[in-house]
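Data block below; observations after.
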Amino acid sequence: AAPPGPPVYVDLAYLPGSWSARTVDEEFFRRVRSLCYVVSGDDHLKEGVLRSLLDALLAGKHHWGTDIQVTLIPTFDSLVMHEWYQETHDRQQELGITVLGSNSTVAMQDETFPACKVEF
């Protein structure tokens, strides 16, 4: 357990992947308050804990109030993410959480990949 203290405010936070994703809980989101959270790591380990991670965001953000808008940026497509988005959409709006999705692509050399632009 983390020692008591004030929350930390940042502009951008990458959520851990693989086994470390299991450490992200409601207390994490109470303490690490970011304008943008990037959910990366398209792997089977993250997929297994993704729903609990997303639910922890809702639970933790509840303690902030609605005056701070949060953007969630997934970097991979996931059935779990789609289900969570649809099932909790009203709650996301109440808490000021926006989930970015993008159909934009970027082409670099011989590779094309999905992308989105975030401005601060």
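Details
- Among the residues of region 71-90, the one identified as open to solvent by 80 Å² or more (accessible area, probe 1.4 Å), in contact with a helix residue (DSSP H, G or I) (Cβ under 9 Å, 6 or more places away or on another chain) and under 15 Å from Ala59 (Cα atoms) is Tyr85.
- All positions within region 16-39 that are in contact with a strand residue (DSSP E or B) (Cβ under 9 Å, 6 or more places away or on another chain), outside any helix (DSSP H, G or I) and modelled with pLDDT of 90 or more: Val32, Arg33, Ser34, Leu35, Cys36, Tyr37, Val38
The values are calculated or read from the model by the stated rules, or taken from the named source; none is laboratory data. The shown structure was predicted, so the numbers you read here are calculated from the model rather than taken from an experiment. With ideal geometry, Cβ positions are generated from the backbone for all residues, glycine too; neighbour counts draw on all protein chains shown. Accessible surface is based on the protein model in full, side chains and every heavy atom, while ligands, DNA and RNA are left aside. Shrake-Rupley method; radii C 1.70, N 1.55, O 1.52, S 1.80 Å.
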